[in-house]
1. So how strong a dipole does segment 1-106 carry about its Cα centre when Lys and Arg Cβ are +1 and Asp and Glu Cβ are -1, to the nearest 20 debye?
2. Residue 268's amide H: which non-local residues (gap 5+, or another chain) put their own amide H closer than 5 Å, with H modeled 1.01 Å from N in plane and none for Pro or chain starts?
3. Is there a pair in 199/332; 65/141; 48/317; 84/418; 286/396; 18/400 whose C-alpha atoms are over 31 Å apart, and which pairs would that be?
4. Which value, in debye to the nearest 20, gives the size of the charge dipole of the chain about its Cα centre, when Lys and Arg are +1 and Asp and Glu are -1 at the Cβ?
5. Give me a comma-separated list of calculated 3J(HN,Hα) values for segment 66-78, in order, Karplus coefficients 6.51, -1.76, 1.60 applied at θ = phi - 60°, integers in Hz, x for any Gly or Pro.
6. Take the chain, connect every pair of alpha-carbon atoms lying under 10 Å apart with a spring to form a Gaussian network, then pick out the residue of 24, 387, 253 with the largest mean-square fluctuation.
7. For residue 120, go through the lysines and keep the ones whose alpha-carbon is under 22 Å away, minus same-chain ones fewer than eight residues off.
8. Taking the Cα centre of each part, how many Å lie between segment 84-132 and segment 346-376?
Amino acid sequence: MAVRIIIGAQWGDEGKGKIVDLLSAETDYVVRYQGGANAGHTLKFDDKTIVLHLIPSGMFNGDSKCIIGNGVVIDPTALVEEIKEVEELVDINLKERLFISNSAHVILPYHKVLDQVKEKNRGSDAIGTTGRGIGPAYVSKVSRIGIRMGDLLNQEELEDKIRRNLADINDALKHVYNEPELDADEMIEQLKAATATIKDYICNTTQILHEAIEANEPILLEGAQGSLLDVDHGTYPYVTSSSPTAGGACTGSGIPPLAITHSLGITKAYCTRVGNGPFPTELDDKDGEKLRKNGQEFGATTGRPRRCGWLDLVALKYAVRLNGMNELALTKMDVLDDFETIKVCTHYELDGETIHHFPSDSEDVQRLQPVYKSFPGWQTDTRNISSFDDLPENAKSYIKFIEEYIGVDFTIVSTGPKRTETIVR
Ligand code: GDP
Ligand code: IMO
Ligand code: MG
């Protein structure tokens with residue numbers, strides 16, 4: 001049975017939500033394994049639109065069990081709001097569908113404040129985080145002072161832990177950052193209120209998944225962010241604080257590597273990035289503006305305009321290698337429909353040398369000069385095409401060139417945000 005990881009092959013927002021929603025009809029479990037409410041996964045089906053931040057994108061197509069795995073960092077208040085949104089959108093019994101790992105770490109208000117204060121302090125070197133407390137929550141986890149979802153069920157000990165942590169944090173806020181201190185009582189009350197809604201979902205999700213694997217039940221693992229935002233393999237320090245890449249799927253769910261049968265990479269037909277950091281193929285011209293306009297490239301979580309540029313095949317190949325991707329989905333093909341000329345980056349020049357790999361040092365990435373191959377556009381509407389053979393010849397040539405360069409075929413080509421606007425090969 002398939003255990004398939006779905007991973008962003010770029011800097012996030014590749015359309016993972018759409019593809020997970022599409023494929024979830026054929027699976028028994030959909031599992032988020034890292035990140036938190038920094039993610040914004042947009043789903044469009046029937047006449048409905050929803051942006052999910054924490055809840056896996058498998059809620060609306062079929063009846064798979066949706067698991068928020070141990071590797072995710074959860075803001076309980078954001079989760080409560082999202083549960084409400086899902087329940088308002090569709091008639092659903094979440095008690096049978098949603099499972100939250102008792103080992104997942106909790107994002108507390110102090111993590112969000114620290115995230116924002118640290119960004120402010122970085123000035124022009126700011127990472128451009130989503131301000132959702134992601135980095136500081138993972139710092140708490142790794143430094144072993146974190147609060148886990150299971151701890152929410154033990155109120156007394158929880159209060160002690162929060163007060164202890166907050167004493168240190170208030171010290172830093174006051175003396176290091178010159179910011180107002182935070183109130184423990186208020187935080188505890190807020191957490192109590194959220195816990196009342198989510199307590200029944202908290203359980204040992206690793207065990208559920210182990211049993212599912214033994215019963216040969218299909219599983220989808222839904223990555224958040226993207227390979228180039230990976231804390232180890234991305235454009236450090238302009239990255240997120242978790243591991244969206246394949247290894248993170250194992251540690252963030254408890255699923256062992258040898259159980260994984262498929263690694264599906266999602267890439268747009270061009271590139272985007274939100275926040276700061278190097279982006280070799282970024283366009284600061286009318287083509288970049290047109291990509292943003294055609295693709296509605298504004299952040300699903302923060303509303304920030306996304307930086308846009310041509311597809312970077314060197315970066316894509318790097319992502320394929322990092323994750324052992326053996327399947328690819330190409331999204332937002334339709335965004336290129338009215339371009340006269342389309343470019344892809346095939347290699348770089350770095351300090352006068354030709355480079356065919358993605359450098360590991362962000363300062364090198366910053367200095368890369370992309371070298372492009374140009375393709376004539378197809379200049380027709382691809383939105384309602386449902387078979388690969390019916391795509392315009394120029395679109396097929398563009399796709400085939402990418403496949404040959406990367407060495408992996410596209411099993412899915414997406415030509416619009418809706419479920420129905422998809423070619424499955
Ligand atoms: P995710 O974070 O990877 O799930 O992606 P986002 O939801 O942040 O951003 C992708 C955006 O593109 C969303 O608004 C989707 O509705 C939209 N989208 C997904 N696939 C396509 C496509 O093939 N064409 C177009 N035009 N939009 C798409
Ligand atoms: P999805 O899952 C795009 C970016 C932020 C910032 C950096 C660090 O929707 O693809 P963080 O708040 O994580 O500490 O910010 O990572 N970032 C994303 N960019 N899509 C996302 O998620 C992102 N999540 C974080 O913009 O540059
Ligand atoms: Mg997104």
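1. 340
2. Correct list: 331.
3. Where the Cα-Cα span goes over 31 Å, the pairs concerned are 199/332; 48/317.
4. Numbers: 45 positive and 65 negative charges, 54 e Å.
Dipole of the chain, to the nearest 20 debye: 260 debye.
5. 9, 10, 9, x, 4, x, 7, 10, 10, 8, x, 5, 5
6. Taking springs between Cα atoms under 10 Å, the residue moving most is 387.
7. Within reach: 112, 174.
8. Taking the Cα centre of segment 346-376 as reference, the centre of segment 84-132 is 35 Å away.
Here, each number is a calculation from the coordinates, and none is a lab measurement. Note that this is a predicted model, so its numbers are computed, not measured. Methodologically, a virtual Cβ is constructed for each residue, glycine included, from the backbone with ideal geometry; neighbour enumeration extends over all protein chains shown.
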